[in-house]
1. Please give the FRET efficiency for T77 paired with A34, using the beta carbon to beta carbon distance and R0 = 35 Å, rounded to the nearest 0.05.
2. Please work out whether region 86-134 counts as rounded, prolate or oblate from its C-alpha gyration tensor, where a ≥ b ≥ c are the square roots of the eigenvalues and a/c under 1.5 means rounded, while otherwise a/b larger than b/c means prolate and anything else oblate?
3. First select every other residue whose beta carbon is under 13 angstrom from the beta carbon of G59; then total the charges, Lys and Arg +1, Asp and Glu -1.
4. For L99, what residues show an amide H to amide H distance below 5 Å, using hydrogens built from the backbone and excluding near sequence neighbours?
5. Please turn the phi angles of region 73-85 into ³J(HN,Hα) values with the Karplus equation 6.51 cos²θ - 1.76 cosθ + 1.60 (θ = phi - 60°), one per residue in order, whole Hz, x for glycine and proline.
6. Among 66-74, 34-42, how do they line up from the highest to the lowest mean number of other beta-carbon atoms within 10 Å?
7. Taking amide H atoms as placed 1.01 Å from N in the peptide plane, list the residues 5 or more away in sequence, or in a different chain, whose amide H sits under 5 Å from that of L106.
8. Can you compute 3J(HN,Hα) from phi for each residue in region 14-28, using the Karplus curve 6.51 cos²θ - 1.76 cosθ + 1.60 with θ = phi - 60°, rounded to whole Hz and x for Gly and Pro?
Amino acid sequence: METIWLGLGSNLGDRLENIEQAKALLASEVEIEALSGYWESKARYVENQPDFLNAVMRGRTALSPHALLRFIHGVETALGRNREASMPKGPRTIDIDILIYGQEVLDDADLVIPHPGMKERHFVLLPLMQIDPDLLDPATGKAFRDYLAGISFQGIYPVSTGGYDAIHPL
């Protein structure tokens, strides 16, 4: 079993329900250990679309990195995402990214781990720091909190789901 970190995001339909359904489907192959609070963020790259709801999950899996990617794509498809018909970086019911897979550093045509964009994205780093504030980048050994400290404001804020015992934002 390998420890993994996944980024989850949704900006179409019932965003919270989409992420909750993704968690339920992921649980068949991923032993979920921790989930950050929820964070709302403005869309980046393609800005003319609804805001995203984001979270980061830590878990354990027996799947290899490529098998995990295929499994994740199946979960996304089951929740209504059609990668072929949608615009890259456009609106989606669910987006699940492999952020980190243990200490693996991988760069091939299908998969790059650690996720190449995570070091520049508040919507990944803030929830990641919520559950693992001392986590280090397997590729560089640098603390992810140091990446976070080096990027400017991006319009992200914590979202309450109504629970009193929700994880507090940083």
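FYI, it's all coordinate maths here, none of it is from the lab. What you are looking at is a predicted structure, and each value in this text was computed from that prediction instead of being measured. Counting neighbours? That spans all protein chains shown, and the Cβs are built from the backbone with ideal geometry, glycine included.
1. So the FRET efficiency works out to roughly 0.85.
2. Here region 86-134 falls in the oblate category.
3. Numbers: positive: K23, R58, R60; negative: E2, E29, E31, E33, D132.
Overall, the nearby charge balance is -2.
4. Here W5, L6, G7 satisfy the definition.
5. My calculation for region 73-85 gives 4, x, 5, 4, 5, 4, 9, x, 7, 10, 4, 5, 8 Hz in order.
6. Answer by packing, highest mean first, reads 34-42, 66-74.
7. I113
8. The phi angles translate into 7, 4, 5, 5, 4, 5, 4, 5, 4, 4, 4, 6, 4, 4, 6 Hz.
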